[in-house]
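J.: What follows is a structure written as structure tokens; I'll ask about it next.
Bear in mind that the values in this text are calculations on the coordinates, not laboratory data. None of the values given here were measured: they were computed from a predicted structure. Backbone-built Cβ (ideal geometry, glycine too); neighbour counts: all protein chains shown.
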Amino acid sequence: MRVLVTGGAGFIGSHYVRQAVGGAYPTLADAEVVVLDKLTYAGNRANLDPVADSDRLRFVEGDICDAALVRAAMAGVDLVVHFAAESHVDRSIAGASDFVVTNVLGTQTLLQAALDAGVAKFVHVSTDEVYGSIDEGSWPETHPLEPNSPYSASKASSDLIARSYERTHGLPVCVTRCSNNYGPYQFPEKVIPLFTTNLIDGKKIPLYGDGLNVRDWLHVDDHCHGIQLVADGGRAGEVYNIGGGTELTNRELTTLLLRATDRDESFIQPVVDRLAHDRRYSVDITKISTELGYAPRVPFQQGLADTVKWYVDNRAWWEPLMRRAAIGG
Ligand code: NAD
């Protein structure tokens, strides 16, 4: 068994790889795990240090848009788990072309190579942001795609390309759409690690608009567990939402982070709202729960406390990344 993990040096991909190589997924117990990653500003070989000595892990540095390289990496692969993407909404507002190239063309390049190589399963990791914004209730997988940012539009486009390879060519593709992830090794441009590291250093934290945008928080370990359930048992051509079940306004989240770092409200710096800032995301996880037995397992309070502690204990990991974290850096 050979698994190709794209973006395996990023936040979520590296968690999946550490778990897979560490033996957390029984169906991958003996699998060779091949990571394909371009090592953009968001990719970091150090994220794989805990499993770097494993003889089941192989690292290929390269671009998912490079068809020849992708074809070579795909040889003998049974399962593709595709995480690689440009992933930060604010960067997509500052400039969208890398998002279209990597997220759309890169995904199509992988799908074509997987089809040519006869891959048995292709899991395309997407996002709940493809659905747009919802004031009440939760999206089922059948909801129309109404993305609002260049990032989410590029992810929606890649979802549709993935769907087309299943419908047209019969490539066994599943798409997962998850809510906001949190946990260790998340690049310090996203809200939880940005706020946490700023607060640890006694710096202010930039809170967008009125702070009332609502996000559903999903621990990265629950997300990767859900992805593996889909890899093992998801039906080809189907989409599966993966959620965490903890909805918070950004202001509520901020209060929890202030409390966890012993800081007070004076550290909040209100800033002008993000353009087209989606108000609320909420996925309905009935399908993956009933079909595949998924349920989030990490209680949010515990997961957040552990995450804050990880950033407190791992300054050596995040401090060198702060220079890269500036937009365009
Ligand atoms: P990340 O930005 O931390 O990591 C992305 C990884 O992809 C990096 O290692 C980077 O080097 C690599 N990469 C980027 N462009 C590449 C290319 N052209 N070729 C090869 N590798 C390339 O992202 P993440 O937060 O780990 O997200 C992983 C996936 O999950 C993405 O597809 C993202 O859209 C999706 N997602 C993330 C979240 C979240 O909360 N972080 C939520 C929903 C969906």
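J.: For segment 190-266, what class follows from the C-alpha gyration tensor (a ≥ b ≥ c being the square roots of its eigenvalues): rounded when a/c is under 1.5, otherwise prolate if a/b is larger than b/c, else oblate?
T.: Because a/c hits 1.5 or more and a/b exceeds b/c, segment 190-266 counts as prolate.
J.: Students often check this: by mean Cβ neighbours within 10 Å, which of 31-38, 246-253 ranks highest, and how do the rest follow?
T.: Per-residue mean Cβ counts within 10 Å order the peptides as 31-38, 246-253.
J.: Still on this structure, I have one more. Once you list every other residue whose beta carbon is under 11 Å from the beta carbon of CYS65, what net charge do they have if Lys and Arg are +1 and Asp and Glu are -1?
T.: Around CYS65, the surrounding residues sum to -2.
J.: Which part of segment 246-263 falls in the paramagnetic zone of LEU212, meaning amide N under 13 Å from the point 7 Å along Cα-to-beta-carbon?
T.: Output list for this probe position: 249-252.
J.: Here's a follow-up. State the Cα centre-to-centre distance between segment 21-64 and segment 93-111 in whole Å.
T.: Cα centres, segment 21-64 to segment 93-111: 22 Å.
J.: Another question, if that's okay. Starting from 0.36 nm per residue, how many nanometres of slack lie between LYS203 and LEU39 once their C-alpha separation is accounted for?
T.: This chain segment gains 56.2 nm when fully extended.
J.: While we're here: Comparing PRO270, PRO140, PRO172, which has the greatest mean-square fluctuation in the GNM of the chain with Cα pairs linked when under 10 Å apart?
T.: It is PRO270.
J.: Moving to a separate point now. Could you give the spread of the C-alpha atoms of segment 1-75 along their three principal axes, from largest to smallest, in whole angstroms?
T.: 31, 27, 19
J.: Mind sorting ILE161, ILE200, ILE288 by how few other Cβ atoms lie within 10 Å of their own Cβ, fewest first?
T.: Lowest to highest Cβ neighbour count: ILE200, ILE161, ILE288.
J.: Treat each spin label as a single point 7 Å out from the Cα along the C-beta direction, and report the THR27 to ALA75 distance in nm.
T.: Spacing of the two 7 Å Cα→Cβ label points: 2.6 nm.
J.: Identify all lysines with a Cα-Cα distance to LYS38 below 28 Å; exclude those on the same chain that are fewer than 8 residues away in sequence.
T.: Within reach: LYS121, LYS155, LYS190.
J.: On a full-extension model of 0.36 nm per residue, what is the gain between ASP66 and HIS169, subtracting their alpha-carbon distance, rounded to one decimal in nm?
T.: 34.9 nm
J.: Sticking with this one: Suppose each label sits 7 Å from its Cα in the direction of the beta carbon; what would the SER97-ASP313 distance come out to in nanometres?
T.: Modelled inter-label distance: 4.4 nm.
J.: May I pose another question? Over the chain, one equal point on each Cα, no solvent: what is log10 I(q)/I(0) by the Debye formula at q = 0.08, 0.15 Å⁻¹?
T.: Debye curve over Cα of the chain, log10 I(q)/I(0) at q = 0.08, 0.15 Å⁻¹: -0.34, -1.31.
J.: Would you mind calculating the relative contact order of the chain from Cα pairs under 8 angstrom and at least 6 residues apart, reporting the percent as a whole number?
T.: 18
J.: Still on this structure: Which length gain, in nm to one decimal place, applies between HIS277 and SER54 when the Cα-Cα distance is subtracted from 0.36 nm times their residue separation?
T.: That pair, HIS277 and SER54, stretches by 76.1 nm at full extension.
J.: Test of understanding: ordering CYS65, CYS224, CYS174 by Cβ neighbours within 10 Å, fewest first, what list do you get?
T.: Fewest-to-most Cβ neighbours within 10 Å comes out as CYS65, CYS174, CYS224.
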